[in-house]
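S.K.: Sharing a structure below in structure tokens format, with a few things to ask.
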Amino acid sequence: MANIVKNPFIITPFVPEEYFCDRIKETGELCKHILNGRNVALFAKRRLGKTGLIRHCFEQKSIKENYNTFLIDIYSAGSLKEMTMLVAKEVFSKSGVLGIREKLLNGLKSIKPTIEYNELTASFSLGTGLSEIKYPDKTLEEIISLLDSLKKPTVVAIDEFQTIRNFKEKNVEAYLRTLMQKCRNISFIYTGSISLSMNNMFKSPDEPFYNSAVMMTIGVIDRSVYNEFAVTMFKKYGKDIEPELVDECYDYFNGVTWYIQLMMNEAFAQTMPGEVLKKSEFESIYDAVIAQQSFSYEEQFARFSEKQKSLLTAIANEDPDGVRITSEDFISKYGLGSTSSVQTAGNALKKNNVITDNGTKRQINDLIFRDWLRKNC
């Protein structure tokens, strides 16, 4: 059977070493912090590759062989219980490999193990009882205590850490700060994509996490570095691409890694061995990318209220750097109604991370969704 050529432009969170572009300096810096037992607050705009960088660091020999590593994305969590569930699932998923499953089950006094039946294998197994978490603070303390007692040091990365500010419980920040401060054998990496919120959490003297972590920021990959990477990947598989097309993709998405990778993934898929993909193909590549996302966007758009739909469509057709949604000119231009109704719709969209603040302006988070709105609404 002939070898199937993989697409070297990976758009999933884990990127194998050979397909990982640059981040040499950032990898070295983050690994240095881990090796020196420091907590890290990692700042970056969304889709710049924070998660990929952490996974990449966890695969480095100095880290992989000497540390237990866990990465928990709490973006979807709305409470401490939901966060505890996500932490528990990640730890349990690795407990077998680490040889700590029995110790973990015995150590969790706040939940009861369950007996689970697998119909496919006709066998019974001991479940975790995670659905029975009644005291999330207690359960989380037990998990952290167990990890802290392991022989190898542990690194726990919590992605989208600023989400805890929206939890329904009070004083979550103070509680977590106290819990994490007690650890002697665990270091934490807190990542965040909303810079204002993360800045306030870690740089304000009045906040619980003030001065609790080393600050680290990642920006866009250098334009020339990414260009060389993309051209090299095409050539490696007997294909070719005009460097100008790579630059156009880079510039269109302001160097945001995930979007550029998505464009290059589609560009690679459209190119046959021996062919050269030219700059003039940018529109057809982008149309294909938008079409692939169309069903998902239709589903998402249908869930919004009519006011939210009108506001989103208006924002999409304005300056991509953002618009003052309560300005009289903007409201009048698109017939959006009263200032208060626009403000209400804007706040709801912001809460659900559909739009975000850019200074005094609001802009749509997903750049491809923005262009889908322009084309279809």
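S.K.: Which ones in segment 1-38 are open to solvent by 40 Å² or more (accessible area, probe 1.4 Å) and in contact with a strand residue (DSSP E or B) (Cβ under 7 Å, 6 or more places away or on another chain)?
M.R.: Matches in segment 1-38: Glu29, Gly37, Arg38.
S.K.: Can you name the helices (runs of 4 or more DSSP H) wholly within segment 224-342 that have at least 3 residues being in contact (Cβ under 8 Å) with a residue 24 or more places away in the chain?
M.R.: In segment 224-342, 243-252, 257-270, 282-302, 306-316 are the helices (runs of 4 or more DSSP H) which contain 3 or more residues that are in contact (Cβ under 8 Å) with a residue 24 or more places away in the chain.
S.K.: Just one of Thr84, Thr51, Thr27 is touching a helix residue (DSSP H, G or I) at 6+ places or on another chain (Cβ under 8 Å), closer than 30 Å to Asn352 by Cβ, hydroxyl-bearing (Ser, Thr, Tyr) and in a helix (DSSP H, G or I); which is it?
M.R.: Within the list Thr84, Thr51, Thr27, the selection yields Thr84.
S.K.: Please go through segment 209-223 and give me each residue that is touching a residue at least 60 places away in the same chain (Cβ under 8 Å) and charged (D, E, K, R), ordered by number.
M.R.: Asp222, the sole residue that qualifies.
S.K.: Checking the condition under 21 Å from the mean Cα position of the chain (by Cα) and at pLDDT 95 or above, which residue from Ile285, Ile290 passes?
M.R.: None of the others qualify; the one that does is Ile290.
S.K.: Applying the selection to segment 145-163, what residues are among the hydrophobic types (A, V, I, L, M, F, W, C), surrounded by fewer than 21 Cβ atoms within 10 Å (Cβ to Cβ) and within 25 Å of the chain's Cα centre (by Cα)?
M.R.: none
S.K.: Could I ask something else about it? Residues being aromatic (Phe, Trp, Tyr) and either within 20 Å of the chain's Cα centre (by Cα) or over 23 Å from Gly107 (Cβ atoms) (or both): count how many of those fall in segment 46-95.
M.R.: Qualifying residue count for the region: 3.
S.K.: Please determine whether any residue of segment 232-246 is hydroxyl-bearing (Ser, Thr, Tyr) and open to solvent by 20 Å² or more (accessible area, probe 1.4 Å).
M.R.: Checking segment 232-246: at least one residue is hydroxyl-bearing (Ser, Thr, Tyr) and open to solvent by 20 Å² or more (accessible area, probe 1.4 Å).
S.K.: When you go through Asn166, Asn185, Asn227, Asn200 one by one, which is the residue that is open to solvent by 10 Å² or more (accessible area, probe 1.4 Å) and under 30 Å from Lys279 (Cα atoms)?
M.R.: Asn227
S.K.: Which of the residues spanning segment 156-171 are assigned to a helix (DSSP H, G or I) and of a type in the set (D, E, K, R)?
M.R.: Arg165
S.K.: Looking at Ile364, Ile368, Ile331, which is the one that is of a type in the set (Val, Ile, Thr) and under 30 Å from Thr232 (Cα atoms)?
M.R.: Criteria check complete, one pass: Ile368.
S.K.: Okay, next question. Among (1) open to solvent by 50 Å² or more (accessible area, probe 1.4 Å); (2) within 26 Å of Phe9 (Cα to Cα); (3) aliphatic (A, V, I, L, M), there is one condition Ile290 misses while meeting the rest; what is its number?
M.R.: Only one criterion in (1) open to solvent by 50 Å² or more (accessible area, probe 1.4 Å); (2) within 26 Å of Phe9 (Cα to Cα); (3) aliphatic (A, V, I, L, M) is unmet by Ile290, namely (1).
S.K.: Looking only at residues that are in contact (Cβ under 8 Å) with a residue 24 or more places away in the chain and open to solvent by 50 Å² or more (accessible area, probe 1.4 Å) in segment 45-61, which one is farthest from Ile194 (Cα to Cα)? Walk me through how you get there before you give the answer.
M.R.: Just the residues of segment 45-61 that are in contact (Cβ under 8 Å) with a residue 24 or more places away in the chain, to begin with: 45-60.
When the remaining residues are screened for being open to solvent by 50 Å² or more (accessible area, probe 1.4 Å), the result is 45-47, 55, 59.
Values: Lys45: 7, Arg46: 8, Arg47: 12, Arg55: 21, Glu59: 26 Å.
Step by step, filter segment 45-61, then rank; the result is Glu59.
S.K.: Name every residue in segment 327-369 that is basic (Lys, Arg) and surrounded by 19 or more Cβ atoms within 10 Å (Cβ to Cβ), in order of residue number. Break it down into steps so the answer makes sense when it comes.
M.R.: The initial filter retains those residues of segment 327-369 that are basic (Lys, Arg), namely 333, 350-351, 361-362.
Hit for segment 327-369 is Arg362, nothing else.
S.K.: Something else now. Based on this model, can you work out whether Leu42 counts as modelled with pLDDT of 95 or more, open to solvent by less than 20 Å² (accessible area, probe 1.4 Å) and within 20 Å of Gln162 (Cβ to Cβ)?
M.R.: Yes, satisfied.
The values are calculated or read from the model by the stated rules, or taken from the named source; none is laboratory data. All values derive from a computational prediction rather than experimental measurement. Using ideal geometry, Cβ is built from the backbone for each residue, glycine included, and neighbour counts are taken over all protein chains shown. Quick note on the areas: whole protein, heavy atoms, side chains included, nothing else; ligands and nucleic acids left out. Shrake-Rupley method; radii C 1.70, N 1.55, O 1.52, S 1.80 Å.
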